[in-house]
6 protein chains.
Amino acid sequence: MNSVFMKDITWKEFEERKSRAVILPVGSTEQHSFHLPFCTDSAIAEGISEKLAEKIGGTVMPTLCYGYKSKPMSGGGPLFPGTIDLNGRTLISLAEDILEELCLDGVKLIFVNNAHYENEAFLIEAIDIVSRRHPEVTILESNWWDVLPQSVIDKVFDDVPFPGWALEHAAVTETSLMMYLAPQLVKMDMIPTETGFEPVPYHKYPIVKGMVPESGALASAKGSSAEKGKLITDTAVDEFVKIIERFI
Amino acid sequence: MNSVFMKDITWKEFEERKSRAVILPVGSTEQHSFHLPFCTDSAIAEGISEKLAEKIGGTVMPTLCYGYKSKPMSGGGPLFPGTIDLNGRTLISLAEDILEELCLDGVKLIFVNNAHYENEAFLIEAIDIVSRRHPEVTILESNWWDVLPQSVIDKVFDDVPFPGWALEHAAVTETSLMMYLAPQLVKMDMIPTETGFEPVPYHKYPIVKGMVPESGALASAKGSSAEKGKLITDTAVDEFVKIIERFI
Amino acid sequence: MNSVFMKDITWKEFEERKSRAVILPVGSTEQHSFHLPFCTDSAIAEGISEKLAEKIGGTVMPTLCYGYKSKPMSGGGPLFPGTIDLNGRTLISLAEDILEELCLDGVKLIFVNNAHYENEAFLIEAIDIVSRRHPEVTILESNWWDVLPQSVIDKVFDDVPFPGWALEHAAVTETSLMMYLAPQLVKMDMIPTETGFEPVPYHKYPIVKGMVPESGALASAKGSSAEKGKLITDTAVDEFVKIIERFI
Amino acid sequence: MNSVFMKDITWKEFEERKSRAVILPVGSTEQHSFHLPFCTDSAIAEGISEKLAEKIGGTVMPTLCYGYKSKPMSGGGPLFPGTIDLNGRTLISLAEDILEELCLDGVKLIFVNNAHYENEAFLIEAIDIVSRRHPEVTILESNWWDVLPQSVIDKVFDDVPFPGWALEHAAVTETSLMMYLAPQLVKMDMIPTETGFEPVPYHKYPIVKGMVPESGALASAKGSSAEKGKLITDTAVDEFVKIIERFI
Amino acid sequence: MNSVFMKDITWKEFEERKSRAVILPVGSTEQHSFHLPFCTDSAIAEGISEKLAEKIGGTVMPTLCYGYKSKPMSGGGPLFPGTIDLNGRTLISLAEDILEELCLDGVKLIFVNNAHYENEAFLIEAIDIVSRRHPEVTILESNWWDVLPQSVIDKVFDDVPFPGWALEHAAVTETSLMMYLAPQLVKMDMIPTETGFEPVPYHKYPIVKGMVPESGALASAKGSSAEKGKLITDTAVDEFVKIIERFI
Amino acid sequence: MNSVFMKDITWKEFEERKSRAVILPVGSTEQHSFHLPFCTDSAIAEGISEKLAEKIGGTVMPTLCYGYKSKPMSGGGPLFPGTIDLNGRTLISLAEDILEELCLDGVKLIFVNNAHYENEAFLIEAIDIVSRRHPEVTILESNWWDVLPQSVIDKVFDDVPFPGWALEHAAVTETSLMMYLAPQLVKMDMIPTETGFEPVPYHKYPIVKGMVPESGALASAKGSSAEKGKLITDTAVDEFVKIIERFI
């Protein structure tokens, strides 16, 4: 029984698996309120990638644990100690180098599994740049939330209303996913109650205290459960499999 | 009667207006199907900015007419001749330099009015970088679609269903806006009928022919009208005024 | 009757015109004394480009309205409110991206029409970089002043002595060009009298108040006329046509 | 009992620990012969950092799992599938951003624990750049091999001669460290026998097959043991503690 | 008797001279026809700087021997073997770093003495960037040709007409300067006769053979003499002294 | 008898020598204690390169006289006036541009002769980047210390113990080399006595006074002699010849 994680295998083992999909999980080091750890996005990206790799015989690259800047309207912002914000140019270069190396290694299909919303534009920029040089490689990018059908969203938000994806930071979906994927890191008794956060349709700088709730959560995590986390995980994995199979 | 456009005034006139809001419209040079011109995003950004400036006594900077890369899922992509895609790093630097200069000039409030969705992450990156150096300046970023209340969306999509903002490329809202703001540039007889475009929840590279409809439109523009364009414009202007007034 | 401006046409129309010359006007947002607007360089670049395109059936790209840093010895410098100075690296990247996209689109001849002296070295750098990747495309760069024969210069400076091109900032040639190309933006009653500016054969930093006249003009605009503006424009267009025809 | 890993804690917990040392482990994704996994450098950096943090009450940041380019003379080079080589500029930017964020968070002492030799110059460059902006923060950089006293080296190389640090790639020290820190990832039966590698005192490009042994190991791992790994680990931790205490 | 060259002195000696002017000569490695060596620009920059330093008690920094790209219209272009063209961004960074270090060292006046025309825009860009950070330092930039009064130009061109500065590449002025400053490097018998070069008022890319004369000279060097070289040198030094004295 | 220095020859002469090795000496502008000049590294790189070129009929490029940042543990650090530290990115770009131009010129073998330890990682990065684009060119990098056999080291350190290469800054080897290669620049009476410098196995930032001896020397230069300098030079040249011959 082989590990699906590239970090755990040798170059000889990777050589044999090059023709299969390679998965690059991308997360962040970002505050996730009182009850979830900094690695929340990374752990979700890695956990879902692991299950995806098991299904398709793919290989999971080391997770990118530092991501683009956290924003007040979708992640809490930079004012919480410990949130590490990469500059956009840095994330572009980092993803570009890694993808370039995989292309040079002869990999044929790369799936970038992003779990930190703010990363997306910069990851796609890196993919675009590399893809112009390596049109022979299929590079896909997706995330667990955009592939969820409405029916699954309805099941997850059976007792609280869906606040929109932007506010789902340290809220029901992420908390449920962590309860399923890394329960030992969830502090159930620290879940904040009402956040009272009102999103606004604009960005305002400089970012100052008071723009996000004290807790760092943008919506309530009440109603979270490991079952919901499993439902989201399983659905995302199934959808990712369908996407990848379209291009093999 | 003074022009609100910075390009038309002298430095002496600008000096007197420095204490009021400065508006930076950002558009693109991007295909907009058979019936709308390349400047669609730029003309919308500039047109709305002009009306906003008239209301608040602000000044409109020269419009950024080249934007970030057009994507298949939200703009048609790079395969149409004439679409000019700036690299992400370039747009960051361009916006960064302009904002920096305004800050050095002593401007106190800048409103970045973006009308090309793909620009947003890179504009915000530039704003963040400049804002860390100039916390004394308030920099706001928004766009005409995120500020529309549901009631307005309902009125605009009274006869066709709303396909979601991502597909609103060269469709009802943009066509209506151009019919109101720059009617001489709209080729009503060239509006494509059914696009049959099915969006997918992932990004796939390399981008190849066939990923977007032949026409370059992602959804139908049927039902567009100058009245709807005026409604969107007036609403956006009103909302922008409210946002700006919050910070003066 | 088609517009020569790319911004006003659709991708289908551009596709048909790809084989003809594409013209990229480059200007600036720079103070031009009490009587000329910030857009002076941009309006001149765009106005001459329009007439050139009409003659040769070419297409005019959206004008680059922000240029390289204004210098005391040739443009008044950064101390006047509203002058927006791009960094050199930014202008290189901006021009590089646009030219690259045109090359990828299959354009065969690009004419960069620069009307802000300080831009030149950085535009040429971008051209050189792109040209190494795309030797199949002819890229030309010129400006309206370098192509004027002595006989035309003599006619323009019939009553005031020619101060040299470096001092021709907001002076006779630019004022005449604006009186011809955009008369509504010229404040004839605000033309400063004697500037008393003495140019020096060196650059000195930091730039401080007093290095340029209060008005921002480096030489007098007395004797300017729309006729002179027309003469310069017609001559430049004719010379540009000759240059382009050499390479088609 | 709290985790020393920042990834596992919340922002509130990190806030309380900001005044203590923060440790940044830096590794690589690099081939390590037939018997050690890609994560060898990362696992060593992280494993030693964990024990160091436990001793001094410090916090371990998420490990940088991608490092600078592997070189033939010290790591096997880029020709082995799966080795991911970051460009120097990318690693500088990545480390720069992370260190900058920690400085902005108010951290007072950062210890960069590097376990991939080739990273060092680029990490120091990032440290130097950040340190010029944040002289109030003490930033230290070291590695497990430079701090080992000769007596420990003698004990580790009791039956095979010490080949010099450059050749200690996938050899006795790294294999011993992995046998102690991550024994489940060591394939004892795959340890290559004689490598026959002769180092040369120059760098030659392009890098081609044959410059390094087929196995990817630069020296033999014979004589490795978990005991030796523990000895190295304990010694390095003790030395690191001494270094850090000098600056608190 | 101390050397004026920084390279030849110790840090203690430099420390004592920090309060006096520091001169940075900038040249190129560029073909200079059949009779002048690659170092022509560098040797001229360094030779004039030496005499300037002797007059004012200044210190001459190591000469920048690699410069910006040689252009067909002013230097012969990149097609001659051995011409080394730096990219614009590289020259900006190089000059920026050196000037920054001098500012940090407490130097109060820096004179950049450029002898390769194409360098100028990029040197000024570096100066501008550094000067914004260090307004306490006076940074001057000039060159030997812009400071020559007409009377001197008339004396130098007493038997051949002055072709304009752009064509003065490997022609009368540079040859005369080398005959005075480094006569052992001038191959008098290799001076090409008529060049027949006709300059054009535009830049054309790609650069191809035939755009410049076979010899690499843009105008004839006939009539050159060491006396003329001395006249130019002495005049430039005197003018530079006057410039510097204005700011001490 | 031709000069081996490219700077002294014409493009025609270089054209004839393109097929032979081209040598790029790289030095620094760095304090070298009370008795050696700033150009120590550059003079050594250039002096050895000259003798190497004479032996193999190669050509010596203009020396890079500015190098990467001086570090306390290997060069004295940035605190001594006059030491000019290039940023890592700058040195990478500078070396990259020069090597690229040589490759485009059709040169087949380039030998980078580095005499400032801190440069190495950045030079190799530039070599790697260029080599990926130009695999047809052999690029070698080495330095005088790594090629010395133990027997030579023993002869050089016959009366003082060898302190390790890191401390050999302004000490026995560099002083001996300068006494042989540029004796007029050595101030024998200024050689500091005991330095008392104790190296540490870590890097600490910010760099502050007191981390290196007052003199700037890291080890004593007592026992230096021109004979030792000649021995090192001759040995290095012989070893470099052997390396180059392996690839011709």
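Under a Gaussian network description of chain D, with springs only between Cα atoms under 10 Å, the residue in D:His134, D:His169, D:His203 that fluctuates furthest is D:His203.
Rounded to the nearest 100, the interface formed by chains C and E buries 3300 square angstrom of accessible surface, both chains summed, with a 1.4 Å probe. Taking a sphere under 15 Å around the Cβ of E:Phe14 and counting the other residues whose Cβ falls inside, with K and R at +1 and D and E at -1, yields a net charge of -1. Between B:Ala166 and E:Glu198, the FRET efficiency from the beta-carbon distance, with R0 = 35 Å, is close to 0.05. Kindly express, to the nearest 10 degrees and within the range 0 to 90, the angle between helix C:226-245's C-alpha long axis and the longest C-alpha principal axis of chain C. Helix C:226-245 sits at roughly 30 degrees to that axis.
Helical content alone sets the calculated 222 nm signal of chain D at -12000 deg cm²/dmol, taking -39,500 (n - 2.57) per DSSP H segment of four or more residues and averaging over every residue. Surface composition of chain F: carbon and sulfur make up 53 percent of the accessible area, probe 1.4 Å.
Dipole size in debye (nearest 20) for the stretch A:1-70 around its Cα centre, Lys and Arg Cβ +1, Asp and Glu Cβ -1? Don't jump to the answer; show the numbers that get you there.
Working: 8 positive and 9 negative charges, 34 e Å.
With only Lys, Arg, Asp and Glu charged at Cβ, the dipole is about 160 debye.
For the protein assembly as shown, the calculated P(r) over all alpha carbon pairs, in 10 Å bins from 0 to the bin holding the longest distance, is 1, 8, 15, 20, 21, 17, 12, 5, 1, 0 percent. Checking the cross-link pairs C:Lys108/F:Lys18; B:Lys71/B:Lys155; F:Lys155/F:Lys222; A:Lys69/A:Lys209 against a 24 Å limit on the alpha carbon distance flags C:Lys108/F:Lys18; B:Lys71/B:Lys155 as lying beyond it. Scanning chain F for the beta carbon that comes closest to the axis linking it by rotation to D yields F:Ala121, 2, distance in whole angstrom.
A straight line joining the Cα centroids of the stretch F:71-93 and the stretch D:3-80 runs 28 Å. Loop-located GluC sites (Glu not before Pro) across the stretch A:176-248 with a Cβ neighbour count of 16 or fewer within 10 Å are A:Glu194, A:Glu214, with loop assigned by DSSP.
Just how many % of Cα pairs in the stretch D:1-51 lie over 16 Å apart, if you round to the nearest whole percent? Value for the stretch D:1-51: 50 percent of Cα pairs lie more than 16 Å apart. Indicate the gyration tensor shape class of the stretch C:169-215 (rounded, prolate or oblate), computed on the Cα atoms with a ≥ b ≥ c the square roots of the eigenvalues: a/c under 1.5 is rounded; otherwise a/b larger than b/c is prolate and the rest oblate. Prolate. For the stretch A:139-166, accessible area lost to neighbouring protein chains reaches 10 Å² or more, against the chain alone with a 1.4 Å probe, at A:Ile139, A:Leu140, A:Glu141, A:Ser142, A:Asp146, A:Val147.
Rounded to the nearest 10 square angstrom, E:Ser19 shows an accessible area of 100 square angstrom against a 1.4 Å probe.
For D:Phe247, the point set 7 Å out from Cα toward Cβ sits 3.7, 3.8, 3.8, 4.4, 5.5 nm from its twins in the other copies, listed from shortest up.
Its relative contact order, with pairs defined as Cα atoms under 8 Å and 6+ residues apart, puts chain B at 24 percent. Summing charges over all other residues whose Cβ lies under 13 Å from the Cβ of E:Met211, with Lys and Arg as +1 and Asp and Glu as -1, gives +2.
Note on the stretch B:22-90: semi-axes of the ellipsoid equivalent to its C-alpha gyration tensor, largest first and rounded to whole Å, are 25, 13, 8.
Scanning chain C for trypsin sites (Lys or Arg not before Pro) that sit in a DSSP loop and have at most 14 other Cβ atoms within 10 Å, the longest stretch containing none of them is C:1-208. Think of each Lys and Arg Cβ as +1 and each Asp and Glu Cβ as -1; about the Cα centre, that makes the dipole of the stretch B:123-248 roughly 260 debye. Protein heavy-atom accessible surface, 1.4 Å probe, per residue over the stretch E:111-220: 39 Å².
Give me the base-10 log of I(q)/I(0) for the stretch D:1-124 at each q in 0.17, 0.21 Å⁻¹, Debye formula, one uniform scatterer per Cα, rounded to two decimals. Log-scaled intensity ratios, in q order: -0.84, -1.14. When only the Cβ of Lys, Arg, Asp and Glu is charged (+1, +1, -1, -1), the dipole of the stretch B:81-167 relative to its Cα centre reaches about 120 debye. Taking a sphere under 11 Å around the Cβ of F:Ser131 and counting the other residues whose Cβ falls inside, with K and R at +1 and D and E at -1, yields a net charge of -3. What is the angle, in °, between the Cα long axis of helix F:120-133 and the longest principal axis of the Cα atoms in chain F? Nearest 10 is fine, range 0 to 90. Tilt relative to chain F: about 10 degrees.
In the stretch E:31-74, comparing the full protein assembly with the chain on its own, the residues that lose 50 Å² or more of accessible surface at a 1.4 Å probe are E:Phe34, E:Phe38, E:Pro62, E:Tyr66, E:Lys69.
When only Cα pairs below 8 angstrom with a gap of at least 6 residues are kept, the stretch B:1-53 shows a relative contact order of 31 percent.
Normalised by the residues of the stretch F:32-82, what does the relative contact order come to in percent, with Cα pairs under 8 Å and at least six apart? Averaging sequence separation for qualifying contacts and normalising by length gives 30 percent for the stretch F:32-82.
With the simple spin-label model, which puts each label point 7 Å out from Cα in the Cβ direction, the B:Ile153 to A:Lys55 separation comes to 2.9 nm.
Distance from the C-alpha centroid of the stretch A:231-248 to that of the stretch A:149-182: 18 Å, rounded to the whole angstrom.
Take chain B, drop everything but the C-alpha atoms, weight them equally and run the Debye formula without solvent; then report log10 I(q)/I(0) at 0.13 Å⁻¹ to two decimals. Debye output, listed in q order: -0.79. Under 1.5 on a/c is rounded, so check that first for the stretch F:157-248, then, if it is not, pick prolate when a/b is larger than b/c and oblate when it is not; a ≥ b ≥ c are the square roots of the alpha carbon gyration tensor eigenvalues. Oblate.
The values are calculated or read from the model by the stated rules, or taken from the named source; none is laboratory data. It should be emphasised that the depicted structure is a prediction, and the values quoted were computed from it without experimental measurement. All Cβ positions, even for glycine, are placed from backbone atoms using ideal geometry, and neighbour counts span all protein chains on display. Ligands, DNA and RNA are stripped out before the accessible areas are found, and what is left, the full protein with its side chains, is counted by its heavy atoms. Shrake-Rupley method; radii C 1.70, N 1.55, O 1.52, S 1.80 Å.
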